[in-house]
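The values are calculated or read from the model by the stated rules, or taken from the named source; none is laboratory data. Because the structure is a prediction, the values reported are computed rather than measured. Reconstructed Cβ throughout: ideal geometry from the backbone, glycine too, with neighbour counts over all protein chains shown. Remember, those area values only see protein heavy atoms, side chains included, never the ligands or the DNA or RNA. Shrake-Rupley method; radii C 1.70, N 1.55, O 1.52, S 1.80 Å.
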Amino acid sequence: MHGLPIFFAAAFLLLLPQFSNVGAAGPYDGEWTGTATPTGARCKRAVIKFTVKDRDVSGQATFERDAPMINGTVVADGAVGATIGFHPLWGQFTGDEFEGTFTNFDCQWKAVLKRAK
């Protein structure tokens, strides 16, 4: 009978650290907006918007005739692996800026985004 309160106290203390970060924002959380500039003259600029929540990246790239979805993951060091439609996007967060590149058929873009304040 006396061991039961000790068991619950120990279980509480073991589980407490798991709840200490509940509701805490990740270092890259927020709304990010910017543009993607093509390296070739034939391709058009795109507007890029995405949201980071914990490790999840989701948003949209708006081109002249298309608006594919962005889905991906950010890791602790700020590296991002994502897709724009079916095309890979690789990039890096540094402070309140994101820089990345992606390729679509014969065009390549450099994306630069800033975190919305």
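If you take all other residues with their beta carbon under 12 Å from the beta carbon of residue 82, and give Lys and Arg +1 and Asp and Glu -1, the sum is 0. Accessible surface for residue 56 stands near 100 Å², nearest 10, in the context of the full protein assembly shown (1.4 Å probe). For the range 22-117, the list of chymotrypsin sites (Phe, Trp or Tyr not before Pro) that fall in a loop by DSSP and count at most 10 other C-beta atoms within 10 angstrom reads 86, 105. Take the Kirkwood radius over Cα pairs of the range 62-117, plug it into Stokes-Einstein at 25 °C and 0.890 mPa s, and you get 205 µm²/s for translational diffusion.
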